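Below is one structure, written out as structure tokens; the observations come after it.
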Amino acid sequence: MPEIHWDSKLYNEQHRFVSDYGADVLQWLDAKAGENILDVGCGTGDLADKIQESGATVSGVDASADMIALAKQNYPTIHFEQKDASALDYRKAFDAVFSNATFHWIENQRGLLTGIYKALKHGGRLVAEFGGKGNVKSITDAIDQAAHQLGLEHRVISNFWFFPSIAHYANLLEASGFETEQIWLFDRPTKLVGDDGMLHWINQFAQHAFVNLNEEEAKAVTDLAVSILKPTHFENGEWIADYKRLRIKAIKK
Ligand code: BEZ
């Protein structure tokens with residue numbers, strides 16, 4: 001996984017929709033009072049709090065110290081800890097593991113799924129949603145096109161996320177010992193906040209693409225990518241990102 005510095009303030013102001021959309025996948029989790037649940041990639045803690053409302057006991061982990069600090073401040077009654085999701089060290093501790101908008105950041109998927117498998121009690125469930133095959137392709141294509149037009153294509157890293165197909169992820173789950181109960185891939189066009197929504201999105205999430213560029217070059221590629229996207233992705237004063245979600249429910253048998 002690329003080294004990402006999460007700007008938790010920008011995230012809170014511009015990208016809270018990540019948690020808002022996550023409320024939908026909570027229905028698949030169907031948390032019950034008395035259960036022990038782990039939220040992997042808990043971010044600012046909003047969904048952990050929603051899970052706790054069901055009467056379950058929740059723990060949240062995230063790789064970002066900034067996010068964990070904000071989560072603790074937002075929800076002091078929940079246990080949050082900074083941890084690498086691909087090296088979890090729990091043993092048969094949870095009835096369910098939940099995750100929203102996190103798995104696509106993780107390179108070591110076998111480490112992730114093995115750690116979750118060991119963390120679950122027998123019969124426990126993994127419910128997760130993240131970017132699937134084709135996710136944000138218009139945005140990565142626009143960054144590539146902008147880099148090409150500016151002669152910077154050899155120094156821009158595009159597609160550093162993991163956006164698997166249904167078949168690929170079902171295989172990974174099975175190889176890690178899970179039985180897949182449900183797996184869906186669906187379009188979820190996602191509104192970005194404000195006139196500068198696409199600019200903020202690229203600045204927050206796609207910075208790894210520009211690690212080999214100086215600040216001026218990165219800004220030139222970003223600005224050009226935004227103007228390439230504008231005719232097709234900015235409508236009635238709103239930016240729309242072409243999100244595709246992979247949603248899974250898998251059981252430790
Ligand atoms: C997503 O939730 O699909 C996503 C968010 C940030 C970067 C890439 C994908």
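No lab work stands behind these numbers, since they all come straight from the coordinates. No experiment lies behind these values; they were computed from the predicted model shown. For neighbour counting, all protein chains shown are included, and Cβ atoms are generated from backbone atoms with ideal geometry for every residue, glycine included.
Structure summary
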quantity	calculated
Size-normalised alpha-carbon gyration radius of region 117-253, reference 2.2 N^0.38 Å	1.26
Karplus-derived HN-Hα couplings along region 209-218 (A = 6.51, B = -1.76, C = 1.60, θ = phi - 60°), whole Hz, x at Gly and Pro	4, 10, 4, 8, 10, 7, 4, 5, 5, 4
Calculated from backbone phi, Karplus (6.51, -1.76, 1.60) coupling profile of region 145-162 in Hz, x at Gly/Pro	5, 5, 4, 4, 4, 9, x, 10, 4, 7, 10, 9, 9, 10, 6, 8, 8, 10
Segment E81-D24, extension gain: residue separation times 0.36 nm, minus the distance between their alpha carbons	18.1 nm
Share, in percent, of DSSP beta bridges within the chain that are antiparallel, nearest 5	55 percent
Greater than 27 Å apart at Cα, pairs in K9/K252; K137/K191; K50/K92; K121/K191	K9/K252; K121/K191
Kirkwood-type radius of region 124-187, with distances r between different C-alpha atoms, in Å	13.9 Å
Segment E216-K253, length gained on full extension (0.36 nm per residue, minus Cα span)	8.1 nm
Which of I78, I251 has the fewest Cβ neighbours within 10 Å, and the rest in rising order	I251, I78
Order of T44, T180, T222 under a 10 Å beta carbon neighbour criterion, fewest first	T180, T222, T44
Taking N as its residue count, the alpha carbon Rg of region 177-246 over 2.2 N^0.38 Å	1.42
Cα-based convex hull, the chain, per residue volume (Å³, whole number)	119 Å³
Rg over Rh, two decimals, region 80-136 (C-alpha only, Kirkwood Rh)	0.98
Within region 130-160, backbone nitrogen closer than 19 Å to the virtual label 7 Å beyond the Cα of S227 toward Cβ	139-153
Helix-derived mean residue ellipticity, 222 nm - over the chain, DSSP H n ≥ 4, -39500 (n - 2.57), to 500	-12000 deg cm²/dmol
Distance between region 28-70 and region 123-163 - C-alpha centres, whole angstrom	27 Å
Karplus-derived HN-Hα couplings along region 183-190 (A = 6.51, B = -1.76, C = 1.60, θ = phi - 60°), whole Hz, x at Gly and Pro	8, 10, 10, 8, 6, 9, x, 10
Magnitude of the charge dipole, region 50-149, Cβ model with Lys/Arg +1 and Asp/Glu -1, debye to 20	460 debye
Global geometry of region 206-253, whether rounded, prolate or oblate, following the gyration tensor of its Cα atoms and the 1.5 cut on a/c	oblate
Rounded if a/c under 1.5, otherwise prolate or oblate - region 59-181, Cα gyration tensor axes	oblate
Potential extension, D195-D89 segment - 0.36 nm per residue separation minus Cα distance	33.9 nm
